[in-house]
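Note sheet for the following structure.
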Amino acid sequence: MDRILQLLHLAETANAPLPWLIFARRLVSATVILAKHTGPARTNTDVRNVASMCMGMALECYLKAYYVSRGGILHDGKRFKTLGGHRLVDIAKAVGFAVTPEQERVLHYLSMWVHTKGRYPVPLNPEAMAVHPADSKGPDQFFLHWDERSEDVCMELVKLAEARIAEGRAV
């Protein structure tokens, strides 16, 4: 396949909600499986951290599915549109996906794991390594407040995304 056809195929796939939705569902399934292995009170932080990365990646895929289900263009045939990197709150705002303050808190937490902590031993810049006290505005404050309610909020976001995407798609 020549380069132009490859780019057209890429754009066609990137601008369809179904591939994003399928991938999001796979990542949610992986998260659920991982969560079962975190032990009582989610004490196995290594597994919990990977589960957080998977859930964050799932929600990023859901947000992109939502965007394209409403006619948004993620790939114009030459390049991907930047919607906020892997910062889930920024992506939600860019695609018009309204969230509550509680959902926003969870999206901030998950963004840490999608962007850096779940994938690499060090961030791209030294500023991201700073440890923020619990009362700061830095992203690490959310780690200190992760609890079972946060897990419930994740699943609420999944259900909300599924419903909003279904509303925007011709089924």
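What to note about this one:
- Identity of the residue in region 67-94, part of a helix (DSSP H, G or I) and under 15 Å from Ala16 (Cα atoms), that ends up most open to solvent (accessible area, probe 1.4 Å): Tyr67
Residue-by-condition table, conditions (1) charged (D, E, K, R); (2) more than 14 Å from the chain's Cα centre (by Cα); (3) open to solvent by 30 Å² or more (accessible area, probe 1.4 Å):
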residue	(1), (2), (3)
Asp2	yes, yes, yes
Leu8	no, yes, yes
Thr13	no, yes, yes
Ala35	no, yes, no
Ser52	no, no, no
Ala58	no, no, no
Ala65	no, no, no
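- Scanning region 12-52 for residues that are in contact with a strand residue (DSSP E or B) (Cβ under 8 Å, 6 or more places away or on another chain) and modelled with pLDDT under 80 yields a total of 0.
- Options Val99, Val47; residue that is farther than 16 Å from Leu21 by Cβ, part of a helix (DSSP H, G or I) and open to solvent by 10 Å² or more (accessible area, probe 1.4 Å): Val47
The values are calculated or read from the model by the stated rules, or taken from the named source; none is laboratory data. Note that the coordinates shown come from a computational prediction; the quantities given were computed from them, not determined experimentally. Ideal geometry is used to build each Cβ from the backbone, glycine not excepted, and the neighbour counts take in all protein chains shown. These accessible areas exclude ligands, DNA and RNA; they are computed on the full protein's heavy atoms, side chains included. Shrake-Rupley method; radii C 1.70, N 1.55, O 1.52, S 1.80 Å.
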